[in-house]
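Here's the structure we're looking at; comments come further down.
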Amino acid sequence: MSALFPPTEELLLPLRVPQYTLMGPGPTNCSPRVMAALGYPLVGPCSSDIRKVMADIRGGLQYVMQTRNEYTMAVSGPGHAAMDCALANVLERGDVFLVTVHGIWGDRASDMAERHGAVAIQLRKELGQVFSLDELETALKEHNPHVLFVTHGESSGGTLQPLEGIGLLCHRYNCLLVVDAVASLGAVPLFMDAWGMLPSVNVDIVCIDVELQYV
């Protein structure tokens, strides 16, 4: 290419990335299998080969989430992309959005919902606490929300919200359920079908990748 001035000295040097062991809630070190897969040849997005890859990914997600839902899919992007995708597809302007907040991720979901025009109502607890089924049922009765949002693994507070029974409550009160499982999927069981968790689960690779790397 033509240029009016030469490249900087740094551009002429090879890329150097330091090696660290990442032990936080995310990001985490990639497993050797993932790093090897990144070196595979590129495949056209409309080829039968890529459709097979996507089908394999769907099958893996269905297994780890224990669901037979044929609309299980991967969202290419950070956890926030999956969260925003879920909320954008279940919320309309003016919908009541009930969100459990016992850390930063419930607040983040509230902000996203309000940007989509929903009315966010927060059910709050202190860091380190979780919500009981009785508390959730009382809130569902009072607010009659269109969507209930629950953070499964609240990394900012170090809590794991029990999910069993919440899906049945949402069916009882005609409410959709969105679960943020970014920091829990792959580390603890998630029985999506058995627990009646529809329509959406937001998933990231944090615990799956840690499990591959260290377990």
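The values are calculated or read from the model by the stated rules, or taken from the named source; none is laboratory data. Just so it is clear, the structure is predicted and the values come from calculations on it, not from any experiment. Note that each Cβ is placed from the backbone with ideal geometry, even for glycine, and that neighbours are counted across all protein chains shown. Heads up: the accessible areas ignore ligands, DNA and RNA and are worked out on the full protein's heavy atoms, side chains in. Shrake-Rupley method; radii C 1.70, N 1.55, O 1.52, S 1.80 Å.
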Only one of L98, L87 that is part of a helix (DSSP H, G or I) and surrounded by 13 or more Cβ atoms within 10 Å (Cβ to Cβ): L87
Residues located in segment 132-147, provided they are in a loop (DSSP other than H, G, I, E, B) and loosely packed, with under 13 Cβ neighbours inside 10 Å: S132, N144
Residue match in segment 39-50 (condition: modelled with pLDDT of 90 or more, open to solvent by less than 90 Å² (accessible area, probe 1.4 Å) and small (G, A, S)): yes
Extreme residue, most open to solvent (accessible area, probe 1.4 Å), among residues of segment 101-131 that are out of contact with any Asp or Glu (no Cβ under 9 Å at 6 or more places or on another chain) and of a type in the set (S, T, N, Q): Q129
Single unsatisfied condition, V150 versus (1) open to solvent by 10 Å² or more (accessible area, probe 1.4 Å); (2) among the hydrophobic types (A, V, I, L, M, F, W, C); (3) modelled with pLDDT of 90 or more; (4) closer than 22 Å to G128 by Cβ: (1)
Residue check, A36 surrounded by fewer than 16 Cβ atoms within 10 Å (Cβ to Cβ), of a type in the set (G, A, S) and in a helix (DSSP H, G or I): yes
Among (1) modelled with pLDDT under 90; (2) over 18 Å from E154 (Cα atoms); (3) exposed (fewer than 13 other Cβ atoms within 10 Å of the Cβ), the one test that V64 misses: (3)
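Those residues that are surrounded by 11 or more Cβ atoms within 10 Å (Cβ to Cβ) and either at negative phi or not in a loop (DSSP other than H, G, I, E, B) (or both), I need them from segment 1-32; list them, please.
L22, P25, P27, T28, N29, C30, S31
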Residues that are farther than 20 Å from D95 by Cα and under 17 Å from the mean Cα position of the chain (by Cα), drawn from segment 117-156: H152, G153, E154, S155, S156
Filter pass, G59 being open to solvent by less than 70 Å² (accessible area, probe 1.4 Å), farther than 30 Å from D111 by Cβ and not β-branched (V, I, T): yes
Subset of segment 148-176 (residues that are of a type in the set (F, W, Y) and not in a loop (DSSP other than H, G, I, E, B)): F149
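Of all residues being of a type in the set (S, T, Y) and assigned to a loop (DSSP other than H, G, I, E, B) in segment 39-61, which is nearest to S155 (Cα to Cα)? Just the residue, please.
Top of the filtered list is Y40.
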